[in-house]
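Notes to accompany the following structure.
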Amino acid sequence: DVLDPERLIQCPLVKHHQIRARRFPYHLVKCKESNPEIAKKLATCPFNARHLVPPASLSDHIMKCSDKAFVEQDVVSQSCEPPQEQLNNGSTWQAPPCVEDWET
């Protein structure tokens, strides 16, 4: 199950590391610090920072990334909704036109 926090995930830096899903983000930070030479050889997916792939296959990964749909869906839903300020404010009041003439 993809949502199971206890499932084991293979570390992209050190292949024999098996980490529980709930600890995976913390492991990646520590593992990158411990293995800077390996980390330099991997590129980070723009849709999910947990996806580390060789730079040569990054464009292929981006095309197939399962998290791409979540980001695109989020962008579409934000563009269809009115700005949050308008929702919270609720007021349509506008200042009356100014009738003062400062030149006279």
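Worth a mention:
- Table column - 3J(HN,Hα) (Hz), segment 46-52, Karplus curve with 6.51, -1.76, 1.60, x for Gly and Pro: x, 9, 7, 5, 7, 8, 10
- Fully extended contour minus Cα-Cα distance, from ASN48 to CYS98, at 0.36 nm per residue: 12.8 nm
- Here the simple spin-label model places points 7 Å from the Cα toward Cβ, and for ASN35 and ILE9 these points are separated by 1.5 nm.
- Neighbours of HIS61 by Cβ distance under 13 Å: Lys/Arg scored +1, Asp/Glu scored -1, total +1.
- Other residues with beta-carbon under 12 Å from the beta-carbon of VAL14 carry, at +1 per Lys or Arg and -1 per Asp or Glu, a net charge of +2.
- Sorted from greatest to least, the principal axis extents spanned by the alpha carbons of segment 8-66 come out as 27, 24, 17 Å.
- For segment 30-36, 3J(HN,Hα) per residue [Karplus equation, 6.51 cos²θ - 1.76 cosθ + 1.60, θ = phi - 60°, Hz, x = Gly/Pro]: 5, 5, 5, 5, 6, 10, x
- Between HIS17 and ASP60, the contour length at 0.36 nm per residue exceeds the Cα-Cα span by 13.0 nm.
- Backbone amide hydrogens, once placed in the peptide plane, bring ALA43 within less than 5 Å of VAL53, excluding anything fewer than 5 places away on its chain.
- Near the amide H of ARG20, within less than 5 Å, lie the amide hydrogens of ILE9, all on another chain or at least 5 residues away, with H placed in the peptide plane.
- Relative contact order of segment 8-66, taken over Cα pairs closer than 8 Å and 6 or more residues apart, is 24 percent.
- Inter-label distance, nm, simple model (7 Å from Cα along the C-beta direction), TYR26/VAL71: 2.7 nm
- The lysine pair count for segment 8-66, using Cα distances under 15 Å and pairs eight or more places apart or on different chains, is 6.
Only the coordinates and a few stated rules stand behind these numbers; no lab work does. Since the structure is predicted, the reported quantities are computational estimates derived from the model, not experimental observations. Cβ atoms come from the backbone with ideal geometry, glycine included; neighbour counts cover every protein chain shown.
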